[in-house]
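Asker: First the structure, which I've put down as structure tokens, then a few questions once you've had a look.
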Amino acid sequence: MTLHMTKTQKLLRIMGNNMVPILFLVICAFGIPLSGYSANFLASEIVIRISRNSFLIVSLLIPILAGMGLNFGMTLGAMAGQIGLILISDWGIVGIPGIILAMIISTPISVLLGWWCGKILNMARGREMVTSYIIGFFMNGIYQLVVLYGMGAVIPVRSNALLLPRGYGIRNTVNLIGIRRALDDLLLIRLFGIPIPLATLLVITVLCLFILWFKKTKLGQDMRAVGQDMEVARAAGIKVEHTRIISIVISTVFAGYGMILYLQNIGTLNTYNSHMQIGMFSVAALLVGGASVSKANIRNVFLGVILFHLMFIISPMAGKNLIGQAQLGEYFRVFVSYGVITISLVLYEVRKKRDQHYVGLQLAADQEALQ
Amino acid sequence: MTVVWADKSHNQVLKDIKEMHENEVPLLEMKHISKDFFGNKVLTDINFSLNKGEILGLVGENGAGKSTLMKILFGMDEIHQTGGYGGDIIINGEKVQFSSPIDALAKGIGMVHQEFSLLPDFTATENILLNREPLKYTVFSELFGERLNILDREKMDQIAERAIGRLKVPLDKDMMVSQMPVGHKQFTEIARELSKEATDVVEGIKLLVLDEPTAVLSEQEADSLLKAMRLLSESGISIIFISHRLQEIIDVCNTIMVMRDGQIIKTVPSQGVVIADIARWMVGRDVGSSKREARGFDYENTPVLLSLQNLWVDMPGEVVRDVSLDVHKGEILGIGGMAGQGKLGIPNGAMGLFPAGGKVIFEGKEIALNNPRHFLDAGMAFVSEDRRGVGLLLDESLEWNISFTAMQIQEKYLKRYLGGLLKWRDQAAIEEETESYVKQLEIRCTSTKQKAKELSGGNQQKVCLAKAFAVGPKLLFVSEPTRGIDIGAKSLVLKALRKYNEENGTTIVMISSELEELRAICDRVAIISDGKVFGILPATTDSAEFGLLMIGQKSQVLEGGSV
Ligand SMILES: Nc1ncnc2c1ncn2[C@@H]1O[C@H](COP(=O)(O)OP(=O)(O)OP(=O)(O)O)[C@@H](O)[C@H]1O
Ligand SMILES: [Mg+2]
């Protein structure tokens, strides 16, 4: 019954399934020589990006497991993380304790926001992605209200370095000097001249192990069940709504921690912007790694980080060398992110259709073979 | 034997059965059960008891109240939401009141519903143990609760194996449900009930309710299910078995309980009972087997209406490989064959519900495949064997269900005003036509305004047929039209098809696993084997010839035989 594919057919099929990663590989393959960067430079940049971004991207995995698609609502967690960072900066707590405290502060906020977001997504079944995207926008409004008007007025923030001259509201950029690279530099080693932040990578490894372990738990199994068919899961006595909410809560909390790790590496906080873009970049990176709306794993995360960011590293130089303009890179960044998300979503549908078509071809081939 | 039982009064029989198990407390007693749906009485004073290890066959016409009775026993929400029930349920001498199926499960009652409740991307094992997985302790559970323990895969496998072992069927515990043929899905469901062993919170399975489990099974699969049921009963599990295939009931049950109009008409031991007896009790009159009225069909002089050429269809479990077939205008063509050989794939593929290829030529024009709309627009219609999936708008009224498609596709039942600018629904016409179908097919309903979901399974099936009739297609595919229809109404449905064919000149292609019903109304019958047409014979051919074709042998005389 199996259709014997030729080697080229097989290759084409594999390529078709991994269209987005391959596209990026090709772009990078052309871009690297054009940019003129050395291998060492690229390697060290990639290590930075991995340690900076992968925690955030891993936070997207669990809602996918529960069938809720890409959680654009991870911005909620990012906001919670930023609030934690603003507060510890004000209190002047630095270094690792600062980071840990920021995480502790962000946790209840993330849980609350995640819970609320999960509740709303339960009402918008089947349209989770769009809804979570909009919730992100809505929450941004409230975040701005709190940070721009609440902090310094209602919520005690005293540091002049943080507050706007008018006495309340947080400045556009906050210097996170106290915790800057605190975790990265904790255990920094050099391999072939490439700096490697072992401590951060260790934290990321632990998180990945957690995800792998989580899939084996009862809760993980329940999420898989809910992701396939809510009604069947419900009939079996699984608390569907609750399970879905938990998946969003976990995702939001991780996104909060991820944001803190991200910002300790960057060292400055764009109070009103950082969180907005992070959701989109994380989703795009995951998709570049070959994930889809319904399937994603840790391999997708790392492949995604590497390819997606490699492209951003090389595109300004490549752009400059090619047409003499470096801004091209920045323009590319946003354009490509949205593009990738769009293409991936479309491809997901196309692939579903094509898989059906493929079985058909197999039958047709059977027919011919018999005649 | 039959005569003796039939002569005794109903109460006498009950007493006899009681005496047989005198010193045992029956496992289940239902006493004075009654149920009405907002004034519509569907069950009155039902009394019966069931002993340990007994298999009780529950039979009755469509809408007699079998499923409702079982839903009451199982504590289903549908019953609570419609005002509860009257009477008592007594298990092991103890009165119970289930507020949900979970309570019933805890008391050792399992029910396999007609619709599957399985997860496609889980293996048989994972489905069997869904939400009842044995767990291994982890420290995190102390902090975050039970659900952070990890699954004990080894134990899961053991339990699943044991449950499948009790069924003695070749079910692969590691196979993904989406890859399974339909029979294996049914087995997975049953294995799930069987795997419910006693724990400190829950009692082990003691009573299994099977509501028409064999309707979707092939004959061999049904046979192994019946065998499994006997094994279970020997091991002390009681079973209530609902089926419209009366021979199965006679073969496997210890006791047969016949319901009519919400009452128990008869409870008899199954020894010596024959189908005709049961049918008579069910319907209240003698049921003649539908007579075959052969008619001469002039194939020479009627044009071909539909021509299938090298059709292939990828329908899981019913793959069509290479079917070429001509359907003449005005005939009734039967398509038969064993389950899984591909007969069901033909209409499903032609309509475009599953990926398909090859050519479908209707009235000389090629119809694009994989697009149901083209199929419908060309003037064809399809009554699916899958009542649930493609069938009805369950929350809508009967008349809406019957008229909707016709209105959509043909703008039937629309009154036009202002030169067609304003279209108005012609309510009177809709009601009138619905009424006539309700009468013709004896659809049991309170009114044509009743919601489809409130009809019994068999009556929903009839509505599907009426819906297709209302569209008035040039060619009608009907798939398993009598599946789930009671023995009395079967000939009614078949007659309605024949009548419709004769009065409207509609060409009909009827797919069925019951050879006799194909022979009853068709002009010729094609037998499908391994996804190909194995032979086409006039319906008047001896059934033995068909039997040979079905098992894949051509008799010498009919080699290559076609009409
Ligand atoms: N939810 C409901 N609301 C109103 N009436 C209902 C509802 N469910 C069932 N009924 C009615 O109760 C009667 C008995 O239906 P039931 O489903 O028990 O029949 P059945 O014996 O299982 O028939 P079948 O063999 O066709 O499955 C039918 O007349 C049906 O219309
Ligand atoms: Mg029923």
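Asker: Return the sequence-ordered ³J(HN,Hα) values of the stretch B:521-526 in whole Hz as given by the Karplus equation 6.51 cos²θ - 1.76 cosθ + 1.60 applied to θ = phi - 60°, using x for Gly and Pro.
Answerer: 10, 8, 8, 9, 10, 9
Asker: Could you name the aspartates and glutamates whose alpha carbon sits less than 18 Å from that of residue B:52, not counting residues in the same chain fewer than 8 places away?
Answerer: Result set, ordered by chain and number: B:16, B:19, B:22, B:24, B:29, B:94, B:193, B:197, B:203, B:234.
Asker: I'd like the distance separating the alpha-carbon centroids of the stretch A:57-82 and the stretch B:433-498, in whole Å.
Answerer: One Cα centre to the other: 50 Å.
Asker: Let me ask something else. To test your reading of the geometry: what angle, between 0 and 90 degrees and rounded to tens, separates the Cα axis of helix B:487-504 from the longest principal axis of chain B?
Answerer: 20
Asker: Just the accessible area for residue A:268, please: 1.4 Å probe, Å², rounded to the nearest 10?
Answerer: Around 70 Å² of this residue is reachable by solvent.
Asker: Where both residues lie in the protein assembly as shown, what percent of DSSP beta bridges are antiparallel, nearest 5?
Answerer: 60
Asker: How big, in percent, is the set of alpha carbon pairs in the protein assembly as shown lying more than 38 Å apart?
Answerer: On the way: 247878 of 435711 pairs.
Summing the P(r) of the protein assembly as shown above 38 Å gives 57 percent of all pairs.
Asker: As I understand it, the value is the acute angle between the Cα axis of helix A:95-123 and the longest principal axis of the Cα atoms of chain A; what does it come to in degrees, rounded to 10?
Answerer: 50
Asker: Do you know the relative contact order of chain B, to the nearest whole percent, from alpha carbon pairs under 8 angstrom that are 6+ apart? Each step should come with its number before you reach the end.
Answerer: Numbers: 1126 pairs, mean separation 80.5, N = 563.
Here the relative contact order equals 14 percent.
Asker: Grab the Cα-Cα distance for residue B:414 and residue B:234, subtract it from 0.36 nm times how many residues apart they are, and report the gain in nm with one decimal. Please list the in-between numbers first.
Answerer: Details: separation 180, 0.36 × 180 = 64.80 nm, distance 6.09 nm.
Value of the extension gain: 58.7 nm.
Asker: Please go through the residue pairs B:168/B:266; B:71/B:196; A:218/B:107; B:31/B:66; B:266/B:462 and name each one whose alpha carbons sit more than 22 Å apart in this structure.
Answerer: Values: B:168/B:266 33 Å; B:71/B:196 19 Å; A:218/B:107 24 Å; B:31/B:66 15 Å; B:266/B:462 27 Å.
Check vs 22 Å cut-off fails for B:168/B:266; A:218/B:107; B:266/B:462.
Asker: Continuing with this model, one more query. P(r) tail for the stretch A:7-370, what percent of Cα pairs lie past 38 Å? Could the numbers behind the result be given before it?
Answerer: Numbers: 14264 of 66066 pairs.
That tail contains 22 percent of the Cα-Cα pairs.
Asker: Once amide H atoms are placed 1.01 Å from N in the peptide plane, what residues at a sequence separation of 5 or more from residue B:335, or on another chain, have their amide H within under 5 Å of its amide H?
Answerer: Under 5 Å from the amide H of residue B:335: B:510, B:511, B:512, B:526.
Asker: Compute the relative contact order of the stretch B:347-471 as a whole-number percentage, counting only Cα pairs closer than 8 Å that sit 6 or more residues apart in sequence.
Answerer: Working: 157 pairs, mean separation 31.8, N = 125.
Contact order relative to length: 25 percent.
Asker: In the stretch B:74-118, what residues drop by 40 Å² or more in accessible surface going from the chain by itself to the full protein assembly, probe 1.4 Å?
Answerer: Buried by 40 Å² or more upon assembly, which counts only protein chains, are B:117.
Asker: If R0 is 22 Å, what FRET efficiency do you get for residue A:14 and residue A:349 from their C-beta distance, rounded to 0.05?
Answerer: Efficiency, rounded to the nearest 0.05: 0.65.
Asker: So, one more: Straight-line reach from residue B:41: which aspartates and glutamates fall under 15 Å, measuring Cα to Cα and dropping same-chain residues less than 8 apart?
Answerer: B:261, B:454
Asker: Go through the stretch A:54-65 residue by residue and turn each phi into a ³J(HN,Hα) via Karplus (6.51, -1.76, 1.60, θ = phi - 60°); whole Hz please, and just put x for glycine and proline.
Answerer: After applying 6.51 cos²θ - 1.76 cosθ + 1.60, I find 5, 4, 4, 5, 4, 4, 7, 5, 5, x, 5, 4 Hz.
Asker: Take the Cβ-Cβ distance between residue A:149 and residue A:270 as r, set R0 to 22 Å, and report the resulting FRET efficiency rounded to the nearest 0.05. Present the calculation step by step, with values, prior to reporting the outcome.
Answerer: On the way: r = 18 Å, r/R0 = 0.83.
The computed FRET efficiency comes out at 0.75.
Asker: So how do B:457-465, B:273-281, B:130-138 stack up, highest first, on mean other-Cβ count within 10 Å? Could you put the intermediate results ahead of the total?
Answerer: Numbers: B:457-465: 24.3, B:273-281: 18.9, B:130-138: 16.8.
Taking the mean over residues of other Cβ atoms within 10 Å, the ranking is B:457-465, B:273-281, B:130-138.
Asker: Turning to a different aspect of this structure: Before we go on, tell me the buried accessible area for the A/B pair, both chains summed, 1.4 Å probe, in Å² to the nearest 100.
Answerer: On the way: alone 18250 and 25500 Å², together 41160 Å².
For A against B, buried area totals roughly 2600 Å².
Asker: Treat each spin label as a single point 7 Å out from the Cα along the C-beta direction, and report the residue B:88 to residue B:155 distance in nm.
Answerer: 3.9
Asker: Moving on to the next point. At a threshold of 8 angstrom on Cα-Cα distance, excluding pairs fewer than six apart, so keeping six or more, what relative contact order does chain A reach in percent?
Answerer: Values: 546 pairs, mean separation 117.3, N = 371.
RCO, chain A: 32 percent.
Asker: Averaged over B:130-141, how many beta carbons belonging to a partner chain fall within 10 Å of each residue's beta carbon? List each step's numbers first, then the result.
Answerer: Details: counts 9, 11, 2, 3, 1, 3, 3, 0, 4, 0, 5, 3.
Mean number of neighbouring Cβ atoms from other chains: 4.
Asker: What does the highest-first list of B:30-43, B:435-448, A:49-62 look like by mean Cβ count within 10 Å? Show your work: numbers first, answer last.
Answerer: Working: B:30-43: 15.7, B:435-448: 17.6, A:49-62: 24.5.
Peptide ranking by packing, descending: A:49-62, B:435-448, B:30-43.
Asker: For the pair residue A:7 and residue B:294, how long in nm is the line joining their label points, each one 7 Å along Cα→Cβ?
Answerer: Using points 7 Å along Cα→Cβ, the separation is 6.2 nm.
Asker: Then there's this: Counting only heavy atoms of protein chains, what accessible area per residue, in Å², does the protein assembly as shown have with a probe of 1.4 Å? Provide the component values of the computation, followed by the final result.
Answerer: Numbers: 41160 Å² over 934 residues.
So the protein assembly as shown comes to 44 Å² accessible per residue, rounded to a whole number.
Asker: Round to a whole number: what % of the accessible area of the protein assembly as shown belongs to carbon and sulfur, probe 1.4 Å?
Answerer: On the way: 23740 of 41160 Å².
The C+S portion of the solvent-accessible surface of the protein assembly as shown is 58 percent.
Asker: Efficiency by 1/(1 + (r/R0)^6): what FRET value for residue B:115 and residue B:271, r their Cβ-Cβ distance, R0 = 22 Å, to the nearest 0.05? Kindly include the intermediate steps, with their values, before the conclusion.
Answerer: Numbers: r = 34 Å, r/R0 = 1.52.
The formula returns an efficiency of 0.05 here.
Asker: Let me ask something else. In peptide A:204-216, how many Cβ atoms from other protein chains are near each Cβ within 10 Å, on average?
Answerer: Details: counts 0, 0, 0, 0, 0, 0, 1, 0, 0, 4, 3, 2, 6.
Per residue, the average neighbour count from other chains is 1.
Asker: Moving to a separate point now. Taking every pair of alpha-carbon atoms in chain B, give the share separated by more than 38 Å as a whole percent.
Answerer: Counting pairs separated by more than 38 Å, the tail of P(r) holds 35 percent.
Asker: Points 7 angstrom from Cα along the Cβ direction at residue A:212 and residue B:78: gap in nanometres?
Answerer: The answer from the label model is 4.7 nm.
Asker: Then there's this: What do you get for the angle between helix B:398-410 and the principal long axis of chain B? Use alpha-carbon atoms, 0 to 90 degrees, nearest ten.
Answerer: With rounding to tens, the tilt is 30 degrees.
Asker: A follow-up question, please. Give me the number: length gained by fully extending residue B:329 to residue B:540, i.e. 0.36 nm times residue separation minus the C-alpha to C-alpha distance, one decimal in nm. Let's see the in-between values first.
Answerer: On the way: separation 211, 0.36 × 211 = 75.96 nm, distance 1.95 nm.
Stretched fully, the residue B:329-residue B:540 segment lengthens by 74.0 nm.
Asker: May I ask you to evaluate 6.51 cos²θ - 1.76 cosθ + 1.60, the Karplus curve with θ = phi - 60°, for each residue of the stretch A:199-207 and list the ³J(HN,Hα) values in order in whole Hz, giving x for glycine and proline?
Answerer: Working through the residues one at a time gives 4, 4, 4, 4, 4, 5, 4, 4, 4 Hz.
Asker: Using modelled backbone amide H atoms (1.01 Å from N, in-plane), which distant-in-sequence or interchain residues come within less than 5 Å of residue B:135's amide H?
Answerer: Correct list: B:152.
Asker: Take every DSSP beta bridge with both residues inside the stretch B:187-277 and express the antiparallel ones as a percent of the total, to the nearest 5. Mind showing how you got there, number by number?
Answerer: Details: 6 of 11 bridges.
Antiparallel: roughly 55 percent of the beta bridges in the stretch B:187-277.
Asker: Going by amide H atoms built from the backbone, whose H comes under 5 Å of the H on residue B:253, apart from near neighbours?
Answerer: none
Asker: Next up: Give the percent of DSSP beta bridges with both residues in chain B that are antiparallel, rounded to the nearest 5.
Answerer: Looking only at bridges with both residues in chain B, the antiparallel portion is about 60 percent.
Asker: May I ask you to list the lysines whose Cα is less than 19 Å away from that of residue B:532, ignoring any residue fewer than eight positions away on the same chain?
Answerer: B:343, B:359, B:554
Asker: Determine the order of B:312, A:213, B:424, A:91 by accessible area, beginning with the largest, at a probe radius of 1.4 Å.
Answerer: Values: B:312 30, A:213 55, B:424 150, A:91 125 Å².
Highest to lowest solvent-accessible surface, that is B:424, A:91, A:213, B:312.
The values are calculated or read from the model by the stated rules, or taken from the named source; none is laboratory data. Just so it is clear, the structure is predicted and the values come from calculations on it, not from any experiment. Virtual Cβ from ideal backbone geometry, glycine too; neighbours counted across all protein chains shown. With ligands, DNA and RNA removed, areas are computed over all heavy atoms of the protein, side chains included. Shrake-Rupley method; radii C 1.70, N 1.55, O 1.52, S 1.80 Å.
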